[in-house]
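Student: Just passing along the structure, written as structure tokens.
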Amino acid sequence: LLSAYAERIAIANVEWGMMLVLRDVTKEKELDLKQSEFVSIVSHELRTPLSSIMGFTELLMRRTLDGPRQKKYLETIHSETVRLAELIDDILEIQKGEDLTQGTTKKRMDLKKLVFEMRPMFDLASSKHRIRVAFEPGRYELTASEEKMKQLFTNLIMNAIKYSPDGGLIQIKGVVQDHLIRLTVEDEGIGIPEKSVPFIFDKFYRADNSDTRKIGGTGLGLAICQMIVKDHDGTISVQSEEGIGSTFTVEFPIEMVTE
Ligand code: ADP
């Protein structure tokens with residue numbers, strides 16, 4: 001109770017003695033810390049693609065380059081702009097917080113169909129990984145926001161790609177069990193240190209191993225996933241071993257399964 005941040009609010013003398021009111025502000029202080037961390041991470045993350053865009057546009061303005069080189073620089077500018085836009089989307093998504101699904105409509109949908117429709121996008125995202133999708137037969141129906149479900153799987157699969165070496169196998173599996181739809185995203189990547197596992201769904205948290213630090217990110221993707229899952233009465237969890245890989249599991253209550 002008397003934590004380092006405990007703050008004395010009031011000491012009041014009353015007729016029968018003294019009353020001491022203490023308020024534990026540990027949480028607020030932690031939040032402050034995370035907010036300042038957030039600002040520094042975000043500024044760094046925004047600055048990196050911006051510097052690259054500025055550098056390449058200046059080059060293109062100053063020099064006359066041959067066709068292939070011009071094309072290569074324009075492609076870099078484009079991909080860095082896309083990264084910026086994604087980062088801004090993540091920040092806005094987090095800011096929305098509890099109102100996450102505001103403006104999106106939920107409707108009856110088939111999760112299996114959605115994942116198969118997204119498959120070409122995953123293949124495009126990395127030609128260096130082997131991506132396999134395997135679902136038990138049937139329809140995986142639930143009432144959900146299609147947009148948010150897409151975002152959930154995009155975040156999990158992009159992480160599997162990002163934190164796995166080239167050539168790694170990524171498996172997306174779907175099963176129906178005990179009135180639940182269970183989807184897993186399994187990778188053979190760097191894994192998550194055991195001490196970091198309890199925190200990885202926290203906003204702005206990034207596991208502290210040297211590999212993670214070299215890989216860009218804001219620590220917002222999994223926090224967004226958790227917000228989406230909660231909003232659909234589901235659960236999200238992870239099993240991971242450093243150097244072996246990670247498996248993220250998402251479960252939703254089932255509404256209907258038909259063959
Ligand atoms: P970001 O990837 O932008 O850092 P996330 O919220 O998506 O943020 O993930 C939080 C942290 O969890 C990451 O920084 C990374 O340390 C760890 N992590 C997430 N997915 C994986 C994965 N598939 N393999 C290993 N580590 C992961």
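Student: Go through the range 164-201 and count every residue that is surrounded by 13 or more Cβ atoms within 10 Å (Cβ to Cβ) and free of Cβ contacts under 8 Å to residues at least 12 places away in the same chain.
Tutor: 1
Student: Applying the selection to the range 229-251, what residues are of a type in the set (A, V, I, L, M) and out of contact with any strand residue (DSSP E or B) (no Cβ under 8 Å at 6 or more places or on another chain)?
Tutor: Selection gives I244 alone.
Student: Which members of the range 133-158 meet the condition of being over 21 Å from the mean Cα position of the chain (by Cα), closer than 20 Å to I228 by Cα and either open to solvent by 10 Å² or more (accessible area, probe 1.4 Å) or within 16 Å of the ligand (Cβ to nearest atom) (or both)?
Tutor: E141, T143
Student: Going by what's in this entry, would G217 be described as modelled with pLDDT of 95 or more and among the small types (G, A, S)?
Tutor: Taking the combined requirement at face value, the residue does not satisfy it.
Student: Follow-up. Name the single residue that is nearest to the chain's Cα centre (by Cα) among those in the range 159-205 being in a helix (DSSP H, G or I) and under 29 Å from P137 (Cβ atoms).
Tutor: So, considering only residues that are in a helix (DSSP H, G or I) and under 29 Å from P137 (Cβ atoms), the one nearest to the chain's Cα centre (by Cα) is N159.
Student: Filter the range 202-237 for residues that are closer than 17 Å to F153 by Cβ, without any contact (Cβ under 8 Å) to a residue 60 or more places away in the chain and open to solvent by less than 30 Å² (accessible area, probe 1.4 Å) and give the result.
Tutor: Of everything in the range 202-237, those that are closer than 17 Å to F153 by Cβ, without any contact (Cβ under 8 Å) to a residue 60 or more places away in the chain and open to solvent by less than 30 Å² (accessible area, probe 1.4 Å) turn out to be G234, I236.
Student: From the list R108, R130, R119, which residue is in contact (Cβ under 8 Å) with a residue 60 or more places away in the chain and open to solvent by 10 Å² or more (accessible area, probe 1.4 Å)?
Tutor: Unique residue meeting the criteria: R108.
Student: Using beta carbons and a limit of 9 Å, which pairs, at least six apart or on different chains, have the first residue in the range 53-70 and part of a helix (DSSP H, G or I) and the second one open to solvent by less than 80 Å² (accessible area, probe 1.4 Å) and aliphatic (A, V, I, L, M)?
Tutor: Listed by first residue and then by second, the contacts come to I53/I77; I53/L84; F56/I77; T57/I77; L59/L65; L60/I77; Q70/L60.
The values are calculated or read from the model by the stated rules, or taken from the named source; none is laboratory data. Remember, predicted model here, so these are calculated numbers, not experimental data. Using ideal geometry, Cβ is built from the backbone for each residue, glycine included, and neighbour counts are taken over all protein chains shown. SASA here: full protein model, heavy atoms, side chains in, ligands and nucleic acids out. Shrake-Rupley method; radii C 1.70, N 1.55, O 1.52, S 1.80 Å.
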